[in-house]
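Let me begin by presenting the structure, written as structure tokens, before commenting on it.
The values are calculated or read from the model by the stated rules, or taken from the named source; none is laboratory data. These figures come from a predicted structure and were not determined experimentally. Cβ placement follows ideal geometry from the backbone for every residue including glycine, while neighbour counts extend to all protein chains displayed. When the accessible area is computed, the model is the full protein with side chains, heavy atoms only, and any ligands, DNA or RNA have been set aside. Shrake-Rupley method; radii C 1.70, N 1.55, O 1.52, S 1.80 Å.
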Amino acid sequence: MKYSFKRAIMAVTMLSAGFMVFPVSAAEFSILKPEPKYVKDKNLGQYKDVNGVLTESDMASSVHDYIRTLPAKLEEIQKHQAQIDRYNEIAKRLLDSENCNRKFLNTHFSEGDKIWDSLSAWAEESAKEKLAEASDETVDDAAELNKGAKYTKDGDLDQAKSDAKDMAGKYATGDFSDVNTKDETTGVADSLAQQKKEGNSVGAKMDAQNAAEGEQDKETETDKMRAFARIRWDIGTEVLKNLYAHPDDWGKPKKELMFKPWKDQMIAYNAYLIDRYAAPFAENEVVAKLKKKEIAKVLEKELPDILEKDFPDIFKKKFPKITEKPEQADAYLPEFSYTKPEVEPVKAEETEEEKKLKYNEADELFCGEGNECLRVNDGPFLALHQKILAVTGSSPSVEEAPYLPAAPLPPWKEVAYMLDDDLSKAVLPDPWIRIAQDSELLDEEGEFANLVVKNKTMPFFGKITCGSEEIQVCVDPKRYDGEKNEPKKKNGKPMIDLPLHDNRISAYLVLKASKEEAEPMKDNAIEAIKSIKQNLAADIQRLGYTIPNPDALDLMDKAQYKNLETELKNLQKSHLDAAARQIQAIRKTYPKLDPDVQKILEREAAIAKAMEKDSGFLLNIARGNYQTVDSDLKTAEADKAAADTYKKELEKTAEEEDLPTAYCPDPTL
């Protein structure tokens with residue numbers, strides 16, 4: 001084998017370097033590559049394992065914070081549920097009211113349900129029409145009045161109207177907390193006192209005059225608001241009065257004499273007849289007194305039997321039917337204003353015409369201004385009239401027969417409207433007006449005696465202690481606290497039936513309106529609770545727990561709330577336990593922990609302890625605040641204790657909402 005020159009030179013070079021040369025073929029020669037060396041540092045894996053600890057710690061913190069929010073969610077649900085409960089209570093009372101009215105009518109009529117359907121439809125339509133008419137005027141007037149005193153900016157008129165409308169709405173549902181009938185003229189008294197203090201200067205007089213006019217305007221507007229609030233009561237009173245006066249017009253009564261007149265009606269009628277027949281003798285006080293005794297004796301013997309057995313149907317006007325236009329019902333709303341006729345001084349000599357006018361004065365006093373009364377024309381009342389004329393020997397000028405007695409009235413609690421003890425602002429039935437002007441007619445067995453006593457004077461001073469010269473009775477001060485403006489109580493119950501602002505029809509109308517007003521709020525509350533439940537179920541599922549039946553979940557149920565809270569606590573504990581196990585595993589796997597890893601593990605362990613300290617779930621514990629948990633917890637606990645105390649005190653002092661009542665008197669009355 002021949003060597004090439006190149007290989008020869010290579011061999012010489014290697015020999016000269018001290019290497020032994022062996023013959024190697026090209027096929028046998030190859031370059032040797034070094035084998036790689038892998039350095040295995042187990043400490044690097046701890047960073048990856050720490051991520052699992054952080055995940056479990058974060059989940060535990062999220063569950064802890066969610067448990068903290070549960071009381072707020074419960075409170076929100078309770079507020080919405082209160083709206084639903086309020087609606088349900090109003091609906092229940094409305095049903096009670098309707099059933100009460102049906103029972104009342106079925107007690108007295110063969111087809112009471114049919115009568116109720118007609119009566120309630122008329123009342124609802126009339127109320128809707130009357131309230132709509134009165135609302136705009138009342139709200140605009142009240143808003144304009146308030147603008148000058150309370151709303152000073154041009155843009156405040158809308159707010160003034162809104163506030164006035166809210167007030168009218170409160171009055172219409174029987175809430176009269178904003179009405180103070182006793183202090184409306186305080187501003188006038190203060191202005192007059194200031195005028196006197198300033199020496200009655202022209203400027204002071206003008207100020208006092210302006211203040212007085214302003215107070216009068218306010219009182220006028222307040223009266224309008226009261227009238228607005230009374231619309232439903234007016235409608236109810238009128239329909240009941242018509243029902244009691246003309247039962248045959250409404251249906252087939254179950255008995256001939258359904259309703260009887262009040263004791264006070266008989267007293268007032270008796271007084272009217274005595275005054276009327278004795279009127280021609282008024283110029284001679286002695287003769288008049290004798291004649292009154294003779295008349296009273298006849299009436300005492302004859303009148304009770306007539307009233308008991310032969311009570312006539314007085315009024316002939318018909319109540320409007322539901323098919324008639326609403327405006328046609330205007331004339332049927334009651335006219336309650338009453339003005340005592342002016343009495344002219346008695347002259348030395350009276351003509352027959354003047355005597356007749358004086359005689360007619362008794363008629364006006366009995367019938368009342370704006371009312372229609374019918375005169376006796378036949379039957380036992382005509383016989384009684386003739387007998388009295390024979391006894392008194394009255395002159396022909398007074399032979400015109402007296403008015404018939406008024407028809408029976410509904411129960412007195414349904415036709416008297418009194419918010420307090422101020423009789424000057426009350427709406428009284430006609431017989432009470434007569435008695436109020438002559439306290440000698442007040443009878444202990446009469447209906448008015450349930451509320452009032454005779455006017456009295458203080459000995460030696462002659463001062464009136466209650467009432468006035470025009471109103472000779474006053475609400476019984478032994479049973480009503482005039483300063484507090486509320487009835488006195490005995491054994492926890494009011495001693496007197498005040499205030500009076502309901503009758504069975506107005507109560508139904510108020511409840512009907514209240515239900516319609518509350519229905520949208522109830523619907524919104526139902527949707528809100530449904531949304532809270534759905535969001536709660538979704539949130540908890542993201543935390544790792546599934547509520548078995550979220551639609552049936554009721555946080556207001558203590559057992560369900562406690563069960564959910566327990567499940568979440570267990571879920572939090574499972575995450576904390578998992579984090580603790582992983583920390584222990586890391587420490588076991590990596591004897592020598594990196595300083596940063598050591599800090600992380602110590603921090604997460606401290607966060608877990610902080611959560612355990614906050615067993616009441618008052619704090620949102622996270623990596624940013626775990627170090628101050630002790631001080632934060634003390635503050636949170638103090639805040640919670642203060643909030644709980646305040647809530648309890650608030651509950652003690654808070655007045656329960658006064659929902660409209662299902663007014664239901666005895667159906668046999």
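Modelled with pLDDT of 90 or more and out of contact with any Phe, Trp or Tyr (no Cβ under 7 Å at 6 or more places or on another chain): does that describe Ile532?
Yes.
When the stretch 525-565 is examined, which residues are found to be without any contact (Cβ under 8 Å) to a residue 40 or more places away in the chain, open to solvent by less than 60 Å² (accessible area, probe 1.4 Å) and over 23 Å from Asp85 (Cβ atoms)?
Those that are without any contact (Cβ under 8 Å) to a residue 40 or more places away in the chain, open to solvent by less than 60 Å² (accessible area, probe 1.4 Å) and over 23 Å from Asp85 (Cβ atoms): Ala537, Ala538, Tyr545, Ile547.
Can you tell me which residues in the stretch 578-599 are in a helix (DSSP H, G or I) and either in contact with a Phe, Trp or Tyr (Cβ under 9 Å, 6 or more places away or on another chain) or surrounded by fewer than 17 Cβ atoms within 10 Å (Cβ to Cβ) (or both)?
Ala580, Arg581, Gln584, Ala585, Arg587, Lys588, Thr589, Pro595, Asp596, Val597, Gln598, Lys599
Among residues belonging to the stretch 74-125 that are more than 21 Å from the chain's Cα centre (by Cα) and among the polar types (S, T, N, Q), point out the one that is nearest to Arg504 (Cα to Cα).
If we take residues in the stretch 74-125 being more than 21 Å from the chain's Cα centre (by Cα) and among the polar types (S, T, N, Q), then Asn101 is nearest to Arg504 (Cα to Cα).
List the residue pairs whose Cβ atoms are under 8 Å apart, where the first residue sits in the stretch 582-600 and is under 14 Å from Gly45 (Cβ atoms), the second is outside any helix (DSSP H, G or I) and not basic (Lys, Arg), and the two are 6 or more positions apart or on different chains.
Matching pairs, first to second residue: Ile586/Leu593; Arg587/Leu593; Val597/Tyr590.
Might you check whether a residue that is surrounded by 20 or more Cβ atoms within 10 Å (Cβ to Cβ) and in a helix (DSSP H, G or I) occurs anywhere in the stretch 253-263?
The answer is no; no qualifying residue exists.
May I ask you to list the residues in the stretch 538-577 that are in a helix (DSSP H, G or I), among the polar types (S, T, N, Q) and farther than 18 Å from Asp58 by Cα?
Scanning the stretch 538-577 gives Gln560, Asn563, Thr566.
Considering the stretch 607-639 alone, what residues qualify as being under 15 Å from Lys573 (Cα atoms), part of a helix (DSSP H, G or I) and not charged (D, E, K, R)?
Within the stretch 607-639, Ile607, Ala608, Ala610, Met611 meet the criteria.
Can you pull out every residue in the stretch 489-545 that is farther than 25 Å from Asn99 by Cα and of a type in the set (Lys, Arg)?
Lys489, Lys490, Lys493, Lys530, Lys533, Arg542 - these are the residues of the stretch 489-545 that are farther than 25 Å from Asn99 by Cα and of a type in the set (Lys, Arg).
Testing Met418 on (1) within 20 Å of Leu365 (Cβ to Cβ); (2) aliphatic (A, V, I, L, M); (3) modelled with pLDDT of 85 or more; (4) under 44 Å from the mean Cα position of the chain (by Cα), one condition comes back false. Which one is that?
Evaluating Met418 over (1) within 20 Å of Leu365 (Cβ to Cβ); (2) aliphatic (A, V, I, L, M); (3) modelled with pLDDT of 85 or more; (4) under 44 Å from the mean Cα position of the chain (by Cα) leaves (1) as the failure.
List every residue pair whose Cβ atoms lie under 6 Å apart, where the two residues are 6 or more positions apart in sequence or sit on different chains, the first residue falls within the stretch 618-633 and is over 15 Å from Thr69 (Cβ atoms), and the second residue, located anywhere, is open to solvent by less than 50 Å² (accessible area, probe 1.4 Å) and among the small types (Gly, Ala, Ser).
Tyr626/Ala606; Tyr626/Ala610; Val629/Ala610
Do we find that Glu283 is without any contact (Cβ under 8 Å) to a residue 60 or more places away in the chain, acidic (Asp, Glu) and either assigned to a loop (DSSP other than H, G, I, E, B) or open to solvent by 40 Å² or more (accessible area, probe 1.4 Å) (or both) in this structure?
Considered against the rule, which asks whether it is without any contact (Cβ under 8 Å) to a residue 60 or more places away in the chain, acidic (Asp, Glu) and either assigned to a loop (DSSP other than H, G, I, E, B) or open to solvent by 40 Å² or more (accessible area, probe 1.4 Å) (or both), Glu283 comes out as no.
State whether the residues of the stretch 311-318 include one that is modelled with pLDDT of 60 or more and either open to solvent by less than 50 Å² (accessible area, probe 1.4 Å) or under 30 Å from Arg230 (Cα atoms) (or both).
no
With Leu409, Leu441 as the choices, which residue is buried (at least 19 other Cβ atoms within 10 Å of the Cβ), touching a helix residue (DSSP H, G or I) at 6+ places or on another chain (Cβ under 7 Å) and over 30 Å from Ala507 (Cα atoms)?
Every option except Leu441 fails the conditions.
Suppose we filter the stretch 413-422 for residues that are part of a helix (DSSP H, G or I), crowded, with 22+ Cβ neighbours inside 10 Å and not acidic (Asp, Glu); how many remain?
1
Listed here are the residues, each with its yes/no results for (1) within 30 Å of Ser514 (Cβ to Cβ); (2) of a type in the set (Asp, Glu); (3) open to solvent by 40 Å² or more (accessible area, probe 1.4 Å).
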position	(1), (2), (3)
Ala608	no, no, no
Asp614	no, yes, no
Thr635	no, no, yes
Asp639	no, yes, yes
Leu650	yes, no, yes
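Determine the pairs where a residue that is loosely packed, with under 13 Cβ neighbours inside 10 Å, located within the stretch 359-388, has a partner that is at pLDDT 80 or above with Cβ atoms under 7 Å apart, the partner being 6 or more residues away or on another chain.
As it stands, the answer is Asn377/Ala401, since those pairs meet every condition given.
Assigned to a helix (DSSP H, G or I) and out of contact with any helix residue (DSSP H, G or I) (no Cβ under 8 Å at 6 or more places or on another chain): does that describe Leu95?
Yes; evaluated as a whole, the condition is true for this residue.
Which of the residues spanning the stretch 216-252 are at pLDDT 70 or above, assigned to a helix (DSSP H, G or I), over 16 Å from Asn101 (Cα atoms) and open to solvent by 40 Å² or more (accessible area, probe 1.4 Å)?
Ala227, Asp248, Asp249
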